[in-house]
1. Could you rank the peptides 113-124, 83-94 by their average count of other C-beta atoms within 10 Å per residue, with the highest value first?
2. With every protein chain kept in the model, how would you rank Met127, Met248 by accessible area, 1.4 Å probe, largest at the top?
3. If you roll a 1.4 Å probe over the heavy atoms of the protein chains, what accessible area per residue do you get for segment 197-288, in Å²?
4. Please tell me which of these pairs span more than 31 angstrom C-alpha to C-alpha: Lys272/Lys295; Lys119/Lys243; Lys141/Lys206; Lys119/Lys141; Lys60/Lys213; Lys119/Lys296?
5. Going by average Cβ density within 10 Å per residue, which order do the peptides 193-199, 140-146, 227-233 take, highest to lowest?
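The values are calculated or read from the model by the stated rules, or taken from the named source; none is laboratory data. This one's a predicted model, so the numbers in the text were calculated from it and none came from an experiment. FYI the Cβ positions are ideal-geometry reconstructions off the backbone, even for glycines, and counts take in every protein chain you see. Ligands, DNA and RNA are excluded from the accessible area calculation, which covers all protein heavy atoms including side chains. Shrake-Rupley method; radii C 1.70, N 1.55, O 1.52, S 1.80 Å.
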Amino acid sequence: MSRRLLFTVMLLQLMACEQPYNNSPSELALAPNSSPEILQREVQHFYSFMDSLDNNSYIKAPHSIQQQAIAYFPDSTIHRDHWLYGRSFALADSSQIIYYEYSLDQPGTSNAYLGLFSKDGEVRDLMKINEVSYDGSVTIKLIDHQVLEIEYYDFFDSNQLFKPERYSDRNQRMRGKPYWQRTAQRENNGDIVDYYYYENYSIDAKGNFKLLKHNEFIELGRQYPFLSLRVLSQEELSVLSAKKLRRMINEIYAAHGFIFQTETLQDYYKDKSWYRPRHASVEPFISDIERINIKKMAALEAQKLAVE
């Protein structure tokens, strides 16, 4: 046997024994014509696994739960020697959004993922979560059981904020001008900039994560800039009056340069430094996130006006 052929055989044997990535959902999925009994058994196995994962904190690598994760979680085979943490979010159709992360060897680092799984454990979509610094945090939640929100938080010395060589361990998108920031005086530290970056996702008809777009530039001088930054929940909005809801809707339109028809609104916005009236219609400029917020606020406004 030639050396080249021998090397090829050895390589194929190695690949058969140890796949570097467990990221082929089709290999884990049930056969198309699986019986209801087999399907039910797989559903029970998956939910039993998720209950075990939810009821534990970080799971040590040799643990049986960590070994079970290899059957479900893409990229798990390359992290079999790392500790595992995971939590699930149930959706209305019985599918699951699962956050899982593997702690890496370097302190304060991990590989974190969000996966959308069917009720029998088949992964439909997967995305890797961006990292923040050791002092930062990532918060994930479902808004009204419909929209997934990822909040990245970090903080910087304001004098060093735009010096990437100082913060080379921070995510690239966390070094540009932030969409939302709050500067606060902290004892012995001078000016510290608290930095927030949001991503909102919906789930499309095919069962994939769809990033909801927001505008590239959000004017921080507005009273309600967060309306253009993240999707607000019904709980957050329901406590507001109809008058305030209308004011918030109007601000979104004003931020895009809408020319108001009433003199009252023209007078109100003309003194705002960020307002530049230039469009009779701003519909083409409304982002995905703003559109969802407007729809929610308009519906709540109508409900509140109906009972007044």
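1. 113-124, 83-94
2. Details: Met127 35, Met248 5 Å².
Solvent-accessible surface, decreasing: Met127, Met248.
3. Numbers: 5100 Å² over 92 residues.
I get 55 Å² per residue for this part.
4. Values: Lys272/Lys295 25 Å; Lys119/Lys243 43 Å; Lys141/Lys206 21 Å; Lys119/Lys141 19 Å; Lys60/Lys213 38 Å; Lys119/Lys296 29 Å.
Over 31 Å apart, Cα to Cα: Lys119/Lys243; Lys60/Lys213.
5. On the way: 193-199: 18.7, 140-146: 13.7, 227-233: 21.9.
The most tightly packed comes first, giving 227-233, 193-199, 140-146.
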